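Quick notes on the structure that follows.
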């Protein structure tokens, strides 16, 4: 649900970019808030869509060997990759980014540029929120990998019993 909702932000980003191009081309003017809004929308797409990308296996991966692995070996890679790399780093980044955003909120941080967007802390809070969604998906991938490993172990056991 989150991924499909976030996908609508892409349409909003296209609209904002087109509006800025028209303003620049026809009226020879630009605005700081419009440029910052483009950056903020892109950040939201990336941060809130990361869990969706992981769920549908559309994330960046070095597929040199992975695609040729058996389903069981892929499950091992996903399990250890999630447990040793993804989940621990997400926990660290979520922790520190939350306090980073909280400090920005206490300072009522806005854009340092005149005419920029206020409430920059809102986009900073998108970091721990988006990475928390990614963490939930990483936990799901880990559990799914365990199920796959258990199923392949049962299949291997049944196959050896038949032989």
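No lab work stands behind these numbers, since they all come straight from the coordinates. Here the structure is a predicted model, which is why all the values come from computation and not from measurement. Quick reminder, even Gly has a Cβ in these numbers, built from the backbone with ideal geometry, and neighbours come from all protein chains shown.
Hey, can you rank 132-143, 37-48, 17-28, 77-88 by average C-beta count inside 10 Å, highest first?
Numbers: 132-143: 18.8, 37-48: 17.3, 17-28: 11.3, 77-88: 15.7.
The most tightly packed comes first, giving 132-143, 37-48, 77-88, 17-28.
What FRET efficiency would be calculated for the residue pair residue 31, residue 136, taking the C-beta separation as r and a Förster radius of 41 Å, to the nearest 0.05?
Numbers: r = 37 Å, r/R0 = 0.90.
Between residue 31 and residue 136 the formula returns 0.65.
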Round to the nearest 10 and give me the degree value, 0 to 90, for the angle of helix 32-55's Cα axis relative to the longest principal axis of the chain.
10
On Cα atoms only, tilt of 121-162 relative to the major axis of the chain in degrees:
10
When 1/r is averaged over all different Cα pairs and the result inverted, which Kirkwood radius in Å belongs to the stretch 2-162?
18.6
Under the rule of -39500 (n - 2.57) per DSSP H run of 4 or more residues, summed and divided by the residues of the chain, what mean residue ellipticity at 222 nm is obtained, to the nearest 500 deg cm²/dmol?
-27000 deg cm²/dmol
Could you work out which residue, out of 54, 149, 107, moves most in a Gaussian network model of the chain, that is, has the largest mean-square fluctuation with Cα springs under 10 Å?
107
Potential extension, residue 89-residue 74 segment - 0.36 nm per residue separation minus Cα distance
3.3 nm
Which angle from 0 to 90°, rounded to the nearest 10, does the C-alpha axis of helix 87-106 make with the longest principal axis of the chain?
20
Label points 7 Å out from Cα along the Cβ direction at residue 99 and residue 46: separation in nm?
2.4
Which residues in the stretch 35-65 place their backbone N less than 14 Å from a point set 7 Å from the Cα of residue 19 along the Cα-to-Cβ direction?
35-42
